[in-house]
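Here's the structure we're looking at; comments come further down.
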Amino acid sequence: MKIVTIVGSLRKESYNMYLAKTMQDRYKDKIDIEIADIRSLPHFDQDEENNPPQAVKEFKESILSADGVIIITPEYNWSIPGVLKNALDWASRVDKVFIGKPVIALGATPGMLGTVRAQMHLREILAAPGIQAKILPPGGNEVLIGFAHQKFDEQAGQLVDEGTLSFLDSKVEDFIDFVKSEAHK
């Protein structure tokens, strides 16, 4: 199963990128996780949407060819970062590569609430007419990692908190089942 992960942080030592890399390594026997490059995406420009730059074409193709998408977002000013919104804007135009695509949202932050507001906004964006992703339903499926500075080994760049890893394991299993069920619809 091929999964594309979009990380909404460009910071070199981002907890959210550490989370993506932890998942890439931890679940390599179950799913093939590719981390998309959103750093190279130019600002969305409607004048170029019909013939976008190569980086946009490659980004959209990675989503289109994936069985599902993991979106990992930090929380900036109670919402998602601009770079993530920019990537979603590109993906929502012309060929609209997210329509019907299974998605799970996750996020890590040093704060207590674990990106809950950003993920609420992300869910609204993913329901927009140009995106219409199939989001893993809420109600216990939210992966909100608060106090990230206490749960990651920053030297190794890995999530190490056993309770969080155990919860993450169960949510990844739920997501795999969700992707499989959406493929049969």
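The values are calculated or read from the model by the stated rules, or taken from the named source; none is laboratory data. Everything quoted here is computed from the prediction, not taken from an experiment. Neighbour counts are summed over all protein chains in view; Cβ atoms, including those assigned to glycine, are modelled from backbone coordinates with ideal geometry. For accessibility, only protein heavy atoms count, side chains too; no ligands or nucleic acids. Shrake-Rupley method; radii C 1.70, N 1.55, O 1.52, S 1.80 Å.
Data overview
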read-out	value
Cα centroid separation - the range 84-113 against the range 124-175, whole Å	13
Helix 82-91 vs. the chain, principal-axis angle (Cα, 0 to 90°, nearest 10)	50
Rounded to whole Å, sorted largest first: equivalent-ellipsoid semi-axes of the range 113-154, Cα gyration tensor	25, 11, 9
Carbon plus sulfur fraction of accessible area for the chain, probe 1.4 Å, in percent	50
Between helix 116-126 and the chain: long-axis angle, C-alpha atoms, 0 to 90°, nearest 10	30
The range 12-113: chymotrypsin sites (Phe, Trp or Tyr not before Pro) in DSSP loop, at most 16 other beta carbons within 10 Å	W78
The range 49-71-the range 15-46 distance, computed between alpha-carbon centres (Å)	13
Between 0 and 90°, nearest 10: helix 162-183 axis offset from the chain longest Cα axis	30
Charge tally in the Cβ shell below 10 Å around Y18, where Lys, Arg are +1 and Asp, Glu are -1, Y18 excluded	-1
GNM flexibility winner over the chain from D67, D47, D32 (Cα, springs under 10 Å)	D47
Computed E for E48/K96 - FRET, C-beta separation, R0 22 angstrom, nearest 0.05	0.85
Extension gain, E58 back to Q150 (0.36 nm per residue minus Cα-Cα distance, nm)	29.6 nm
Taking the chain and dividing mean pair separation by its residue count, relative contact order in percent (alpha carbons under 8 Å, at least six apart)	23
Volume of the Cα convex hull of the range 2-142, divided per residue and given in Å³	110
Considering only the range 53-165, percent of DSSP beta bridges that pair antiparallel, nearest 5	25
Whichever lysines have a C-alpha closer than 20 Å to that of K12, once near sequence neighbours (fewer than 8 apart) are set aside	K21, K85, K151
Average Cα contact separation per residue, the range 1-92, under 8 Å, 6 or more apart, as relative contact order %	45
Cα-only Debye scattering, the range 93-139: base-10 log of I(q)/I(0) at q = 0.27 Å⁻¹	-0.98
Among A133, A156, A55: highest mean-square fluctuation, GNM of the chain, C-alpha pairs under 10 Å	A156
